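Single-structure report; data block below.
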Amino acid sequence: MELLTNKVCMITGASRGIGRETAYRFAEEGAVLYVTDYQDGSLDSLVDILSEKYHTDITPLYFDVTDERAAKAAIMEVKKRHGRLDVLVNNAGIMRDNVIGMIGQKLVKDVFDINVFAVINMIQLANRLMVRQKSGCIINISSIVGVEGAAGQLVYSASKGAVAALTKAAAKELAPHGIRVNAVAPGLINTGLLQAIGDEKIAENLKNVKMGRLGEPLDVANVLVFLASDLAGYVTGEIIGVDGGAQV
């Protein structure tokens with residue numbers, strides 16, 4: 001039995017990594033999909049593949065999540081076409097940082113604009129539909145460093161810590177309306193963002209992962225499927241680590 005049959009789902013930042021793998025898994029589980037990215041055309045091949053493989057209803061939406069007007073227009077498109085939104089996955093994000101003493105205000109603003117402020121805005125927009133439905137599921141992407149911190153990642157850690165905190169606050173506020181809000185906190189996941197730090201740094205960090213391997217986007221996507229499904233109907237306000245037993 002498909003776990004997400006006919007659930008209308010939106011995944012931001014779906015062109016690569018965790019977002020792309022989540023789109024595959026959601027399509028496999030029967031979801032009606034809206035996938036988003038800021039770069040025009042970046043989702044076209046994904047849409048073609050998933051449409052052919054799973055015969056799913058999938059629509060690409062191209063907009064910058066930091067653009068409040070564009071984000072609102074995207075949510076309104078979902079409302080116009082399907083009249084509801086069952087699942088929102090706030091996956092879009094960036095990983096930029098510097099050591100203490102070298103952190104500029106533009107860096108802080110850029111990271112928080114995407115990783116925090118856009119998430120808050122998307123939650124508010126989704127809430128307008130979900131409150132009317134008296135149901136809904138919002139899943140945010142935090143990080144192990146948002147919970148544990150990491151040297152050299154003050155800004156990124158702070159942004160992902162904010163995601164964890166706002167997840168818990170939103171869960172408490174929205175639970176009476178039948179809306180669940182959770183987050184996943186990935187550890188070392190084999191994505192382009194991780195590969196950018198270089199093999200030497202990856203090998204050093206991997207020593208702290210008790211399971212002895214990098215996580216794959218599929219490891220995270222499977223947890224997102226669970227949280228989006230009715231199997232997690234009594235789960236809210238949780239920050240679920242997907243980190244292989246890592247110690248930062």
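The values are calculated or read from the model by the stated rules, or taken from the named source; none is laboratory data. It should be emphasised that the depicted structure is a prediction, and the values quoted were computed from it without experimental measurement. Don't worry about glycine lacking a Cβ; one is built from the backbone with ideal geometry, like all the others, and counts go over all protein chains shown. Side chains included, ligands, DNA and RNA excluded: accessible areas come from the protein's heavy atoms. Shrake-Rupley method; radii C 1.70, N 1.55, O 1.52, S 1.80 Å.
What are the pairs with Cβ atoms under 9 angstrom where one residue, in region 140-166, is of a type in the set (K, R) and the other, located anywhere, is in a helix (DSSP H, G or I)? Sequence gap at least six, or different chains.
K160/N115; K160/V116; K160/I144; K160/V145; K160/G146; K160/V147
Identify all residues within region 168-191 that are part of a helix (DSSP H, G or I), open to solvent by less than 60 Å² (accessible area, probe 1.4 Å) and either farther than 21 Å from S135 by Cα or in contact with a helix residue (DSSP H, G or I) (Cβ under 9 Å, 6 or more places away or on another chain) (or both); write none if there are none.
Correct list: A170, L174.
Take the conditions of a type outside the set (D, E, K, R), touching a Pro at 6+ places or on another chain (Cβ under 9 Å) and either over 20 Å from Q133 (Cβ atoms) or in contact (Cβ under 8 Å) with a residue 60 or more places away in the chain (or both) and apply them to A14. Does it pass?
So A14 fits the description; yes.
So which residues in region 18-69 are surrounded by fewer than 19 Cβ atoms within 10 Å (Cβ to Cβ), in a helix (DSSP H, G or I) and not aromatic (F, W, Y), if there are any at all?
E28, D44, S45, V47, D48, I49, S51, E52, K53, E68, R69
Just to verify a result, which residue in region 201-236, among those that are at pLDDT below 95 and in a helix (DSSP H, G or I), is surrounded by the most Cβ atoms within 10 Å (Cβ to Cβ)?
N205
Starting from residues that are touching a strand residue (DSSP E or B) at 6+ places or on another chain (Cβ under 9 Å) and touching a residue at least 40 places away in the same chain (Cβ under 8 Å), keep the ones in region 78-89 and report whichever is farthest from V163 (Cα to Cα).
The selected residue is H82.
Return the pair list, or none, for Cβ contacts closer than 6 Å from residues in region 47-64 that are farther than 12 Å from A31 by Cα to residues that are surrounded by fewer than 17 Cβ atoms within 10 Å (Cβ to Cβ) and acidic (D, E), at least 6 apart or on different chains.
From residues that are farther than 12 Å from A31 by Cα, the pairs are Y62/D40.
Restricting region 93-111 to residues that are in contact (Cβ under 8 Å) with a residue 24 or more places away in the chain and over 20 Å from L194 (Cβ atoms), which is surrounded by the most Cβ atoms within 10 Å (Cβ to Cβ)?
So, considering only residues that are in contact (Cβ under 8 Å) with a residue 24 or more places away in the chain and over 20 Å from L194 (Cβ atoms), the one surrounded by the most Cβ atoms within 10 Å (Cβ to Cβ) is V108.
So, V147, is that one modelled with pLDDT of 95 or more and either open to solvent by 20 Å² or more (accessible area, probe 1.4 Å) or of a type in the set (V, I, T) (or both) or not?
no
State which residue pairs qualify: first residue in contact (Cβ under 8 Å) with a residue 40 or more places away in the chain and inside region 199-213, second residue open to solvent by 100 Å² or more (accessible area, probe 1.4 Å) in any location, beta carbons under 8 Å apart, and separation of 6 or more residues or different chains.
N208/Q247
Name the residue, out of M1, M95, that is among the aliphatic types (A, V, I, L, M), modelled with pLDDT under 95 and closer than 18 Å to D113 by Cα. If you could, list the steps in order and put the result at the bottom.
Values: M1 fails: closer than 18 Å to D113 by Cα.
Being among the aliphatic types (A, V, I, L, M), modelled with pLDDT under 95 and closer than 18 Å to D113 by Cα holds for just one of M1, M95, which is M95.
So for region 24-41 (the condition being modelled with pLDDT of 95 or more, of a type in the set (D, E), touching a helix residue (DSSP H, G or I) at 6+ places or on another chain (Cβ under 7 Å) and farther than 22 Å from S159 by Cβ), does at least one residue qualify?
yes
If I ask for residues that are in a helix (DSSP H, G or I) and open to solvent by less than 10 Å² (accessible area, probe 1.4 Å), which ones from region 130-144 would you list?
Residues of region 130-144 that are in a helix (DSSP H, G or I), as a first pass: 130-133, 144.
Result: M130, single match.
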